[in-house]
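K.L.:
This is the structure, below, for whatever I ask next.
The values are calculated or read from the model by the stated rules, or taken from the named source; none is laboratory data. Keep in mind it's a predicted model, so treat the numbers as computed, not measured. Positions of Cβ are generated from backbone atoms using ideal geometry, with glycine treated the same way; all protein chains shown enter the neighbour counts. The accessibility values were calculated without ligands, DNA or RNA, using every heavy atom of the protein model including side chains. Shrake-Rupley method; radii C 1.70, N 1.55, O 1.52, S 1.80 Å.
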Amino acid sequence: MLKKNSPARHGLNIIIVGCGKVGTTLVQQLCKEGHKITIVDKDPSTVQELTNLYDIMGIIGNGASYSVQIEAGISSADLFIAVTASDELNLLCCTIAKRVGDCSAIARVRTPDYSKEVGYLRDRLGLAMIINPELEAAREAARILYLPTALEVNSFAHGQAEMTKIKIPEHNMLDGLSVAHLGQQLMDRAKNINILICAVERDGEVYIPSGHFKLHAGDVLSFVGSRPMSRAFLDFIGFKTNRVSDAMIVGGGDVAYYLASQLINMGINVKIIEKEKDRCERLSILLPKAVIINADGTDQDVLKEEGLSNAESFVALTGIDEENILLTLHARHVSDAKTITKINRSNFKEIINNLNLGSVFYPSFITAETITAYVRAKSNTRSMNSSVQTLYHMFDFRVEAIEFRVDEVSEVTGKPLMDLKLKKDVLIAFINRNGTIITPSGHDTIEVGDTAMVVTTHTGFNDIRDILV
């Protein structure tokens with residue numbers, strides 16, 4: 001069954017198989033970017049709901065079926081994305097799509113057994129990307145626990161640069177300081193710490209700050225710098241930069257496994273509380289250095305007995321958003337632990353943001369952003385001379401941080417930044433030149449071979465030249 005709401009728009013022809021949380025988030029994001037979307041799912045109500053909400057085509061059926069893929073238009077598709085709940089089905093869908101059509105293919109693969117073979121599977125099956133939302137979410141959580149005073153830490157330039165989000169506390173030295181004055185202090189008093197403040201959220205409004213912008217207590221700001229520079233800056237403004245020594249995790253799913261593995265490798269003690277006995281036994285084998293507790297992690301007495309009041313960090317990773325929220329609120333009430341909360345649904349994001357949960361992450365958003373970055377890069381391969389390397393949405397999708405790879409000479413390259421006519425609310429946050437992170441001044445230039453990160457309130461930039469008026 002095929003439903004069509006309107007004529008095709010400009011952009012890529014994309015087929016998405018699986019309309020769960022990740023598939024729905026992809027539809028929301030890619031529709032905004034002007035691509036022609038066809039969804040495939042076995043659930044008629046899901047297909048009906050999404051085709052009613054968005055200007056897309058919908059097919060009810062099995063995405064691994066040859067006839068269903070033909071009906072979805074695989075012969076003219078540019079990109080095929082399989083994000084069903086089954087890893088095996090996703091891989092099968094992509095394999096058939098690669099045989100039937102001439103398109104790129106992306107599969108979501110979450111099982112830890114497959115995660116060790118991603119490179120082999122990707123190469124042998126000819127896939128453009130295999131993405132693991134649970135693993136990516138765990139990496140994000142691990143970065144935060146490595147720098148627990150931050151609300152978020154995101155990696156760019158293959159880990160050479162970080163974007164860190166913090167909230168300015170009362171009586172902090174940043175309160176009342178202009179961005180320019182801060183920059184001068186960093187030069188004079190802090191032995192030339194090079195970071196760049198990219199965006200500030202205040203009272204629900206987001207700003208790309210100029211030098212005259214004054215910071216205030218309560219502001220949530222994001223800044224960019226190399227990892228050593230970021231830590232030096234946090235030290236300078238009085239934030240602790242030591243990682244946590246222990247982590248209590250409630251919920252023993254795949255995210256917990258991936259996160260615990262990374263934390264143990266960082267020398268952090270890990271305790272996982274999981275109520276399913278079989279899963280506990282499995283985790284005990286997979287994570288011999290972790291403490292695995294078979295108990296109900298939503299029981300306050302259990303949390304008290306296991307030492308929540310003294311824990312340095314607490315991570316709520318159950319499969320139920322409401323439980324995770326309540327667990328985090330309880331942890332913040334009875335302890336000083338750094339808290340991280342996994343949220344699967346995005347329906348109540350504004351309300352959740354007002355609950356003071358500490359750090360919150362959405363696995364579906366992480367996956368969608370990675371795929372959207374690939375789509376933007378693919379949109380430009382025919383005619384543009386640079387491409388999107390990394391994409392990150394900030395402050396509820398109101399700001400984008402985009403890392404562009406610069407492959408050829410253009411009107412952006414070779415000119416001092418001060419001579420470029422940039423659009424309003426566009427900031428060049430860093431230049432990565434052969435692994436060296438440059439915090440740019442007006443005299444710096446973007447050169448062929450660099451990557452450059454742009455922070456902007458504009459949406460849909462596909463190429464570095466989009467920053468120009």
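K.L.:
If only one of Gln69, Gln48 is over 19 Å from Arg108 (Cβ atoms) and either modelled with pLDDT of 95 or more or open to solvent by 60 Å² or more (accessible area, probe 1.4 Å) (or both), which one is it?
P.N.:
None of the other options fit; the residue is Gln48.
K.L.:
Turning to a different aspect of this structure: Applying the selection to the range 398-424, what residues are closer than 25 Å to Gly204 by Cα and open to solvent by 60 Å² or more (accessible area, probe 1.4 Å)?
P.N.:
Matches in the range 398-424: Arg398, Lys423, Lys424.
K.L.:
Next up: What number goes with the only condition from (1) closer than 21 Å to Ile371 by Cα; (2) assigned to a strand (DSSP E or B) that Leu427 does not pass?
P.N.:
(1)
K.L.:
List the helices (runs of 4 or more DSSP H) that sit entirely inside the range 72-126 and contain at least 3 residues that are under 19 Å from Lys42 (Cβ atoms) and in contact with a strand residue (DSSP E or B) (Cβ under 7 Å, 6 or more places away or on another chain).
P.N.:
87-100
K.L.:
Oh, and also: Only residues that are open to solvent by less than 30 Å² (accessible area, probe 1.4 Å), of a type in the set (Gly, Ala, Ser) and within 16 Å of Lys165 (Cα to Cα): list them for the range 179-216, please.
P.N.:
Of everything in the range 179-216, just one residue is open to solvent by less than 30 Å² (accessible area, probe 1.4 Å), of a type in the set (Gly, Ala, Ser) and within 16 Å of Lys165 (Cα to Cα), namely Ala199.
K.L.:
Please go through (1) open to solvent by less than 30 Å² (accessible area, probe 1.4 Å); (2) at pLDDT below 90 for Lys3 and return the number of the only condition it doesn't satisfy.
P.N.:
The number of the failed condition is (1).
K.L.:
Out of all the residues in the range 52-63, which are under 26 Å from the mean Cα position of the chain (by Cα) and either farther than 21 Å from Asp78 by Cα or among the hydroxyl-bearing types (Ser, Thr, Tyr) (or both)?
P.N.:
Matches in the range 52-63: Leu53, Tyr54.
K.L.:
Going by the conditions given, is Ser313 surrounded by fewer than 16 Cβ atoms within 10 Å (Cβ to Cβ), of a type outside the set (Lys, Arg) and either modelled with pLDDT of 95 or more or within 29 Å of the chain's Cα centre (by Cα) (or both)?
P.N.:
Spelling it out, it is not the case that Ser313 is surrounded by fewer than 16 Cβ atoms within 10 Å (Cβ to Cβ), of a type outside the set (Lys, Arg) and either modelled with pLDDT of 95 or more or within 29 Å of the chain's Cα centre (by Cα) (or both).
K.L.:
For Asn344, all conditions in the list (1) surrounded by 14 or more Cβ atoms within 10 Å (Cβ to Cβ); (2) touching a residue at least 12 places away in the same chain (Cβ under 8 Å); (3) over 27 Å from Gly23 (Cβ atoms); (4) not β-branched (Val, Ile, Thr) hold save one; what is the number of the exception?
P.N.:
Of everything listed in (1) surrounded by 14 or more Cβ atoms within 10 Å (Cβ to Cβ); (2) touching a residue at least 12 places away in the same chain (Cβ under 8 Å); (3) over 27 Å from Gly23 (Cβ atoms); (4) not β-branched (Val, Ile, Thr), Asn344 misses just condition (3).
Rundown of residues vs (1) within 25 Å of Asp254 (Cα to Cα); (2) touching a residue at least 60 places away in the same chain (Cβ under 8 Å), yes/no style:
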{"site": "Ser45", "(1), (2)": "no, no"}
{"site": "Asp55", "(1), (2)": "no, no"}
{"site": "Gly58", "(1), (2)": "no, no"}
{"site": "Gln69", "(1), (2)": "no, no"}
{"site": "Ala82", "(1), (2)": "yes, yes"}
{"site": "Ser86", "(1), (2)": "yes, no"}
{"site": "Asn90", "(1), (2)": "yes, yes"}
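K.L.:
Select from the range 90-113 the residues that are buried (at least 18 other Cβ atoms within 10 Å of the Cβ) and of a type in the set (Ser, Thr, Tyr) and write down the one among them that is nearest to Ser364 (Cα to Cα).
P.N.:
In this case the residue turns out to be Ser104.
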